[in-house]
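The values are calculated or read from the model by the stated rules, or taken from the named source; none is laboratory data. Here the structure is a predicted model, which is why all the values come from computation and not from measurement. Every residue, glycine as well, gets a Cβ built from its backbone with ideal geometry; the counts of neighbours run over all protein chains shown. Ligands, DNA and RNA are excluded from the accessible area calculation, which covers all protein heavy atoms including side chains. Shrake-Rupley method; radii C 1.70, N 1.55, O 1.52, S 1.80 Å.
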Amino acid sequence: HYRRLLRQAAPPLMQADGSIDDTSLVGISTSLRFPVESEQAEPCPGVAGYAVVRLRVERKAKGGRLVCDSAGGSYQLLEWSAGEASFSYSGDGAEWFETWPIRMKGVLFDPGEPPLVRLSLRQGSRTRLLWVERAGDRALHGKALAGRTSGRPSSRNRRP
């Protein structure tokens with residue numbers, strides 16, 4: 001479910017001033033928020049059509065779970081009985097960062113394509129499981145950054 005949801009990620013909207021619209025993928029180590037365009041309401045409730053969703057890691061005393069939040073509610077995607085999970089992000093799969101978009105020396109870095117999103121499950125000092133998926137379609141992402149975007153509604157003040 002996690003991978004399928006990320007593949008549905010919609011490209012960012014580039015504003016006339018060069019900034020990226022607030023509906024673009026934004027991530028930290030414990031959560032990420034991004035727009036999706038889907039014909040069905042799976043794997044997260046209320047996602048049919050266009051929506052902004054948030055994936056978040058909930059940590060428990062032992063283990064945790066991955067939850068998808070949308071306008072339709074919350075849905076558990078994964079659960080684990082031991083270990084800690086976290087997200088990391090990469091433009092090319094070679095170098096991984098704890099946040100997306102990446103800021104280098106105060107400047108927003110855009111690799112020109114949607115990021116790879118990695119969900120890692122660590123138990124002690126060992127990484128037990130890795131799930132890696134590209135967030136959306138590279139071709140659509142390139143068109144969006146070139147200014148040829150769909151007329152999606154803005155998500156301002158509607159964040160999940």
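If you take the residues in region 4-33 that are under 17 Å from S86 (Cβ atoms), outside any loop (DSSP other than H, G, I, E, B) and in contact with a Gly (Cβ under 9 Å, 6 or more places away or on another chain), which one is modelled with the lowest pLDDT?
Our first condition is that a residue be under 17 Å from S86 (Cβ atoms); within region 4-33, this holds for 6, 25-33.
Within this subset, residues satisfying the condition of being outside any loop (DSSP other than H, G, I, E, B) are 6, 26-27, 31-33.
If we keep only those that are in contact with a Gly (Cβ under 9 Å, 6 or more places away or on another chain) as well, we get 6, 33.
Working: L6: 87, R33: 91.
So, considering only residues that are under 17 Å from S86 (Cβ atoms), outside any loop (DSSP other than H, G, I, E, B) and in contact with a Gly (Cβ under 9 Å, 6 or more places away or on another chain), the one modelled with the lowest pLDDT is L6.
Kindly state which strands (runs of 3 or more DSSP E) lie completely within region 43-160 and contain at least 3 residues that are at pLDDT 80 or above, open to solvent by less than 60 Å² (accessible area, probe 1.4 Å) and touching a Ser or Thr at 6+ places or on another chain (Cβ under 7 Å). Before the answer, list the steps.
Working: elements: 49-59, 64-70, 73-80, 84-90, 102-104, 107-109, 116-123, 126-134.
Where strands (runs of 3 or more DSSP E) fall fully within region 43-160 and carry at least 3 residues being at pLDDT 80 or above, open to solvent by less than 60 Å² (accessible area, probe 1.4 Å) and touching a Ser or Thr at 6+ places or on another chain (Cβ under 7 Å), they are 49-59, 84-90, 116-123.
Is there any pair with a first residue in region 57-70 that is β-branched (V, I, T) and a second that is assigned to a loop (DSSP other than H, G, I, E, B) whose Cβ atoms are under 7 Å apart and which are 6 or more apart or on different chains, and what are they?
From region 57-70, the pairs are V57/T30.
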